[in-house]
Each structure stands twice: as C-alpha cells, then as structure tokens.
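The structure appears below as structure tokens.
The values are calculated or read from the model by the stated rules, or taken from the named source; none is laboratory data. Quantities reported herein were computed from a predicted structural model and do not represent experimental measurements. Cβ sites come from the backbone with ideal geometry, for glycine too, and all protein chains shown count toward neighbours.
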Amino acid sequence: MTRTESPVETVAQTLLVVRLNRGVNLLAGRDDLIASVKWDADADEPPAWFTHARGEVTLNGPVALDGADPAEINPLTPDGRRRHPVLVGLLCHEAGHAHSTHWDEGFGEEVPVVVVRAAVLLEEPRIEHRQLQRRPGDRLFLRAASQRIILPGATTASAAATRWQAAQAALLTAGRVDAGVLDTAEVRKVLTLCRKTLGRRDFNRLCAVWREALAVADGDVPGLVDLAARWVEIVGVDDPADAPAPACARGVPDGIPAGGGDGEPEEDEGAGDDTGDAPSIDPGEQDGGALAEALAGAFRDAMTVVAERGSAQATAELREDEDRAPAENTSLRDRHTEEREAKEREAKEREAAEEQAELVFHGYSADGATDPRAATRPPTDEERTLARRTGKALRRAQLRERARIVTTSQVPPGRLMGREAMLAAAQRARSAPVTARPFRQVTRRDTPEPPLTVGIAVDISGSMTWATETMASVAWLVAHAVDQVGGSSATVAFGEEVTAITWPGVTPVKVQTFIADDGCEVFTDAMRALDGGLRLTSGDGARLVFVVSDGHFVAPGEKKRAAAMVERLVEHGVVMLWLDLHRDGRLSGTIVPSGAVPIPVVDVADIPQQVETILVRALRAR
C-alpha cells in the first residue's frame, strides 16, 4: 500500500531540493546544474548519479536521506553539512563529475565497450582527486559517503571476471588512497586479496595506470581512453559480460552500455562479513564465486569502517562548534573546553600510534628478518668499527635532558595563573571549599643518565634503489651504537606499507638488506609505529629519530601529512635527524621537512663525526 504524503512533507521536500540545487552548484563551481531527488527510488538503485546531457544531479531519496526528515536537512550551513555528511558526500562526488568529467558527445561509439567501462572506472578516483584539489575540506564528506560505494558483481564466474572485479576493487580503494580520500590501513585487507588475485606485477602495473589517470587534465578524454585501453590489456578482459560497469555508468552519455544492460548495480547477496585475515584463493582453481564473495565482503567491510570514521569526525566537529563560544567572549568554561579538546586530539593521535605499532610489530621474529622479500647477512668489519665509533660519538654528545618538575600551590611564591585565580575567587564567593591552586613553580634538575631512545626509518620506495646497501649499513650500525650507550631502538622500513625490521629494545644480530621497489611511501604510518612502539612523544630522556629517505613522497597528501608529523614530534621534544645521502659524491636532491635536522652523508664513514657534531648542537639548543 502506497503512503500518501501530507502537504507539510511536500513543502519540506521542495525546500530541500531548492537547497540541494544551490549546494551542488557551489560544490561544483557552476551555476547551471539541476539537483533532483527520486523519492520513490529502489534501494538497489545507485545512491546518486550525474546526467551529463541535462546537467542534472539525481539523488536516490531513500538511500541518500537514510530516514532523515527533509525539513531538518540544510547542506548550505557548516552545521547542516556535518549533521548529514553522507548526503553531502554524495553531492560532493557528483559535483566532482559535474566540474571535471567532460565526456564528448559521441564518446563510446568507436571504442570497445570494455575500454569505455574501464575509462568510467578510472574517472571515479580522478574526479574526487580534482574535487579535493579545489576543496580539501570535502574529504570529510567523501569519506562519510564511502559506505554507499558499490562493487558491481559480474554475471559470470570466469577467471577473467574475477580479475576484473579484483582490479575494480583495487582502483576503488587504493585509487582513492592515492587520490587523498582514504588511508592505506583502512583498505589493507582488500589490497591483500587483490594482490593475490592479480599478482604483484600486474597489481603494480594497474597502480601505475590509475596514478597516471589522476594526473589527466579535465577534458583530455583521448588520454583517459588510452589509459583505459592499457588497463584492459593488463587485466586481460575482452567479454563485456566479464566487466560490469560501475553504478555511475547510468549517468554518462547515451550510448555507453552499463552492467547488466541497464546500468543498475547488482547486489552481492553472498558477500560475507568476515573481518579477519584476507583468505588466499587462487582464481585458477575455478573458485571464482568464492573469491568474488571474499572481495565483496572485504570491500564492504572497509567502506563501512571508512564511512563510520568520516561520520564520527563530522559529529565530533559539530560538537566542537556547538561547544566553542566566540573568541571575543572567551570564558573560563571555554578555556577548559579547549584544553579538553586538545587533550582529546592528543589522546587520539597516541591511540593511532599504538594501533599502528601493534599492526607493524605484530608477528615479529627475534632475528630481525621480517621482510620476506629481502635477506640478511653478517655485518662487515668496517660496519662493526663504524658502530663502535658512532656509539662513542653518542656518548661524547652528552645526551642529557633536564628534568622538569612542576609544583602548584595556593600561596606564593610562583607564577600566578589567571584561570586558577578566577576559579579560586568563584569558589570563595560560593562559600565552597577552595581547591584551586593559582601559583605554579617550575624546577629544572639535571638528570645524570637520561634514557636514550632512537627510532630508525628506512625508505624502500623505488627512488631509493641506488642507496639500499648504504641504508642497510646505516640501520645496523646506528642500532648497535645506541645499544652501546644503554639506549633502546627500533627499525622500520616504509614503502607502500610499513615493515618491522627490529622490535623496540632488540638489537639486530645480522644486517637486514633491502629491496627498494615500492611505488609510494607511507612515512606518516612509519612515524606512528615508532612513536607507539618507543613512546617517543610520551617518554622522557633524549629521543631521536633517524630517517633515511630522499623525502620525495609521491602519494597525494603524504608530503603535507609528513610535515605535520615532523612538527608534532619536534614539539614533543624528539630530535629528527634526516640523513641526506649523496649519490656518487653529488647531492641527491633530498627534501628535508621543516624542523628536521639534515645530516649530509657522502660516505658511511662520515656518520660518527656528523652525529657527534649535529647532536651536540641540536640537543644543547633545546
């Protein structure tokens, strides 16, 4: 039985459509778009789509609103956007299409169907990347709407269909990581399945294709089609039945066939909800249905986690806005709120560091050989000598940090704290017990033998291939030098993922060699792992981090995140030492983030003297 809508509901819906029209034009940087809502859409229809010919953005009402009252939705205000981040995220995605997707009138007429569908797929992360370049704040909403992303299922269970689905899942997850929307840790299970299905070589080739697609200019349709043809060749699919189109295909120009003949996605009824380790399934065993089910389940789980985090962040920001009073009328309560929020942010960052440390160091083996792609070797006599010299340099640097003792009291002497004084006055006015302590003294005392904690991070991306031997020597000799002065260290290698080389407090017996062929660098995750494993930001004594990297971080947004991470570590008293390795006696163009101390190294034999000179200057300046 169909429910009859009341006049009030009709007015509310009309008002929402008016707001959506204005909002989508603001998001797309246009003034000619039309927004509409399909109030009676089925749940299995796409959550939203953009019709190029009419310049119309359509929302699936039941899916996009998810039961919310149209009268309470206002995407034109900051609070309104944060109250309904999923709906705004769908608008952001379609606005990205409206701004950056410029399909030609006859697009798809002279191109194989499979190539067209690959081009439509590559366009998904590309337009979100463009949207974030124009409007970085839209990342919050795109993440919240991630749960609405659909992984279409093939109509066949052939090996080709399985490879297409794995390639499609990799693009919609890792492609969005490169676009700056998702984080690698959130989609690791999906990528593990995709690598097992496609093989590491083909996975990396597809990764290179979508990264080139992210750089394709708006309107360069021939360039996008060329990349799509390469994509199809790598995946190895010829039959359109093995290559279903994404849900957004219903909104592209007429003539582009969509999956299943009508462009609407098919539900993966058999997809499981297992969140454990990714299963290993060989598509060659003709178990395509099981692998498709595993892929769909892992994809759905990952998108659910991302969406929950995006929605939680929007809720947290909304709560912050509601609690924060105007700056010109700051009160005692506001100051307490700001301090609480700062502590909460710091607590979240430390929790993330602990989670990353658990992820990286879990399953560590005591001999220090955790990279399955590389081997270990005994240290050379020269490396042993350099380790002893570096240890002596650390000892001569007099790594002493003065202990800082804070004492508060109700009476002088000490520095008067206005907030506590106001609290004490308020307590006296109410005849309440005075618990405020408005006077504070800081006493600094030298610690004779402060603990030394050192993190070592080695870059194993492709741009560091030439320096693998040097990196192996540096990681081993620094760890042994720290052990000589009674310190604690841990070593990680970072590329597309973070790999534990030595556990915190364990000195490597052998030298770990490296294979540097990864496509990007997750530097921020590496620093979080070291922070969580060694308590760099929450510990005491002298805390150092040695980074061996050229600083050329290619993943979108990683350079900015790396700068923020270095700034945070330095603010917490960590000395960041960035080894600038020279190549063939020449500068290698290393990029050193602000706050880190560069150490130019022409020869590994220079390290002891450089360490002593720079550490004395860096630590005594604190």
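Side notes on the structure shown:
- Flag if LEU132 is among the hydrophobic types (A, V, I, L, M, F, W, C), assigned by TED's automatic domain parsing to the domain that holds GLY80 and in contact with a Leu (Cβ under 8 Å, 6 or more places away or on another chain): yes
- Only one of PHE361, PHE439 that is assigned by TED's automatic domain parsing to the domain that holds ARG568 and at pLDDT 75 or above: PHE361
- From the list GLY519, GLY486, the one residue that fits, being within 19 Å of the chain's Cα centre (by Cα), among the small types (Gly, Ala, Ser), in the same structural domain as HIS362 (by TED's automatic domain parsing) and surrounded by fewer than 19 Cβ atoms within 10 Å (Cβ to Cβ), is GLY519.
- Residue within the range 539-560 that is more than 25 Å from GLY589 (Cβ to Cβ) and touching a Phe, Trp or Tyr at 6+ places or on another chain (Cβ under 7 Å) present: no
- Output for the range 171-217, where each listed residue is in a loop (DSSP other than H, G, I, E, B) and either touching a Cys at 6+ places or on another chain (Cβ under 9 Å) or surrounded by fewer than 18 Cβ atoms within 10 Å (Cβ to Cβ) (or both): GLY199, ALA215, ALA217
- If only residues of the range 477-502 that are among the hydrophobic types (A, V, I, L, M, F, W, C) and out of contact with any helix residue (DSSP H, G or I) (no Cβ under 6 Å at 6 or more places or on another chain) are counted, the one that is farthest from LYS392 (Cα to Cα) is ALA493.
- For the criterion of being of a type in the set (Lys, Arg), under 28 Å from VAL86 (Cα atoms), touching a residue at least 12 places away in the same chain (Cβ under 8 Å) and out of contact with any strand residue (DSSP E or B) (no Cβ under 6 Å at 6 or more places or on another chain), ARG135 passes.
- For the range 533-554, filtering for residues that are more than 22 Å from MET471 (Cα to Cα) and touching a Cys at 6+ places or on another chain (Cβ under 6 Å) leaves 0.
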